[in-house]
Every structure is written in C-alpha cells, then in structure tokens.
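Asks: Got a structure for you, written out below as structure tokens; questions coming shortly.
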Amino acid sequence: MVVKVQSQDFDVGMELSSLTMGNTAIGGITSFIGLVRDLGGDDALKAMTLEHYPGMTEKMLREIEAEANNRWPLEASLIVHRYGRLEPGDQIVLVAAASAHRQAAFDSCSFLIDWLKTKAPFWKLENTREKGARWVEAKATDDRAAERWERLKKDTAE
Amino acid sequence: MKILYFAWLRQKIGIDSEEIELPSHITDVAGLIEWLKKRNENFAEALSDFKSIRVAVNQEFAEPDALVAQGDEVAIFPPMTGG
C-alpha cells in the first residue's frame with residue numbers, strides 16, 4: 001500500500017512499474033488517472049487550485065486503501081494525489097490496483113477513486129476565464145457512486 | 001483546542017486556524033458550532049447551514065453529537081471535492 005500527497009507531477013509509467021516490481025504473483029494492474037478539464041460547469045477554466053488538510057489527507061487515503069485491501073485480494077495498491085495550482089491537461093490523481101486476476105483489479109480501482117472523491121479532505125478552487133474564482137460544489141452523483149460501495153459491502157455481509 | 005478552517009469556510013471566517021479555550025459547558029460538536037456562530041457575523045454566516053459543513057475531530061469525521069475536549073484538534077470544512 002502506497003499513498004503520496006504531493007504538489008509535483010508524477011510519471012504514471014514509473015509509478016506503476018515501481019508498484020509491481022519484483023512481485024510476479026501479479027496478473028494484472030488497473031489504473032485511473034484524473035486530469036484537469038478545460039471546463040468548470042459551462043465556463044472555460046484557466047486553472048484550478050487544490051487545497052487539502054495535511055495529516056488527515058494522508059490518514060484518510062491510507063484508510064481508503066486499507067479498505068480496498070480488505071475487500072479484494074490485492075497484491076499492490078497506490079494512490080497519488082496532487083495539491084496546489086494545476087492547469088487544464090495536468091494530472092491530478094492516480095489510483096492503481098494490482099491483483100492475480102483482473103476483476104479484483106478493476107473493481108478495487110473503481111472503489112478507490114469513488115471513495116477518495118467523497119472521503120479525502122481535498123477542495124477544488126476553480127479559476128474561470130469569465131467569472132473569476134469559485135469553489136467547486138460536491139456532486140450528488142459522487143455521493144451516490146461512493147454509496148454504491150456501502151451497499152455492496154452490506155450485500156456481501158448478508 | 002486547535003481549530004482549523006478550510007476552503008470557503010476559511011475565506012468567510014478570515015483565518016485558517018486558531019487556538020481557543022473551550023468553555024467548560026461545551027461538550028459536543030454541535031455545541032461548539034453554536035458557540036462559534038455567536039462570535040461574529042463571519043462565523044455566523046459561514047456556519048449557518050449545518051448541512052453544508054463537515055467536521056473532523058482529531059482527523060476523524062465527527063457527527064454533531066461527537067464529544068469534544070480542550071486537547072482536541074477540530075477541523076471545519078465544506079464537503080470534499082477531490083479526485
């Protein structure tokens with residue numbers, strides 16, 4: 001399990017190869033890379049600034065990764081999340097999950113990004129071309145995506 | 001007690017953190033928020049809608065009835081928008 005919270009960019013290829021290096025039990029790795037879009041709602045975006053809660057951010061990301069490792073048989077997992085000023089096209093987040101078989105890798109990767117969006121203390125400030133700076137509001141669709149995994153957990157337990 | 005504010009709450013309140021003496025009659029998160037709201041207009045406005053704020057006590061998410069004590073680190077912030 002690896003968690004990195006950083007302002008600098010990351011190299012996906014290097015992150016993935018160092019994650020799996022030396023572990024030949026891994027049969028597949030799934031990754032998700034989040035990028036800054038050039039639109040905030042309907043407005044053209046100049047830049048975005050990500051604020052976070054140092055200490056709690058790392059703690060929550062470790063808990064989210066531990067939960068993924070409890071639910072699926074993972075050989076390796078990784079969360080890299082950036083903070084600070086980012087521009088359209090920049091990478092924001094990388095999550096990756098490696099397992100002996102593909103289904104656990106796909107499902108846990110999806111879980112990691114869904115839970116991260118609603119449980120890790122990050123906030124986006126958008127700097128739009130026309131309307132200045134504004135804080136991004138939490139989306140109900142993100143809450144539902146995260147809740148889906150709560151329900152799945154209950155179904156498994158029953 | 002250390003209190004931290006993030007995102008638009010930090011901007012509305014005007015500070016990112018402070019040390020306070022917790023009044024002895026305040027025992028839970030809801031009580032702390034009500035007490036903070038009475039300090040000035042900025043606090044009253046920022047904390048007016050309980051549904052639009054989240055609270056963490058010692059870096060764990062906390063419900064309104066969660067207990068708080070003088071030695072705690074409390075953070076108040078809007079719903080998260082990472083990823």
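Asks: Please state the equivalent ellipsoid semi-axes for the range A:33-158: what are the square roots of 5 times the Cα gyration tensor eigenvalues, largest first, in whole Å?
Replies: Values: eigenvalues 171, 46, 36 Å².
Calculated on Cα positions only, the semi-axes equal 29, 15, 13 Å.
Asks: Which net charge results for the neighbourhood of A:Glu75, defined as the other residues with beta-carbon distances under 15 angstrom from its beta-carbon, given Lys and Arg at +1 and Asp and Glu at -1? Show your work: numbers first, answer last.
Replies: Working: positive: A:Arg71, A:Arg102; negative: A:Glu65, A:Asp107.
Here the count lands on 0.
Asks: On to the next question. Just the number: Rg to Rh for the protein assembly as shown, Cα atoms, Kirkwood Rh, two decimals. Don't skip to the answer; put the middle values down first.
Replies: Working: Rg = 19.4 Å, Rh = 19.3 Å.
Taking Rh as the inverse mean 1/r over Cα pairs, Rg/Rh reads 1.00.
Asks: For the range B:2-77, what is the Kirkwood estimate of the hydrodynamic radius, computed as the reciprocal of the mean inverse distance between distinct Cα atoms, to one decimal in Å?
Replies: Values: mean 1/r = 0.0818 Å⁻¹.
Mean inverse Cα-Cα distance, inverted, gives 12.2 Å.
Asks: Hey, rough spin-label estimate for B:Ile53 and A:Asn70, points 7 angstrom out along Cα→Cβ, what's it come to in nanometres?
Replies: Placing both labels 7 Å along Cα→Cβ, they lie 3.0 nm apart.
Asks: Simple spin-label model, 7 Å along Cα-to-Cβ: A:Arg129 to A:Ser7 in nm?
Replies: Here the answer is 2.7 nm between the modelled labels.
Asks: I'd like the FRET efficiency for B:Asn42 and A:Met14, computed as 1/(1 + (r/R0)^6) with the beta carbon distance as r and R0 of 41 Å, rounded to 0.05.
Replies: The value I calculate is 0.35.
Asks: Related question: In degrees from 0 to 90, rounded to the nearest 10, what is the angle of the helix A:140-157 Cα long axis to the longest principal axis of chain A?
Replies: Result, in degrees: 10.
Asks: Along the Cα→Cβ direction, 7 angstrom out, place labels at A:Met21 and A:Asp38. What is the inter-label distance in nm?
Replies: 3.7 nm
Asks: Any of A:Lys119/A:Lys153; B:Lys2/B:Lys38; A:Lys46/B:Lys37; B:Lys2/B:Lys37 with alpha carbons more than 23 Å apart? Name them for me.
Replies: Details: A:Lys119/A:Lys153 16 Å; B:Lys2/B:Lys38 18 Å; A:Lys46/B:Lys37 35 Å; B:Lys2/B:Lys37 17 Å.
Violating the 23 Å Cα-Cα cut-off are A:Lys46/B:Lys37.
Computed from the coordinates by the stated procedures, all read-outs in this text should not be read as laboratory data. This structure is a prediction, so every number in the text was calculated from the model and none was measured. With ideal geometry, Cβ positions are generated from the backbone for all residues, glycine too; neighbour counts draw on all protein chains shown.
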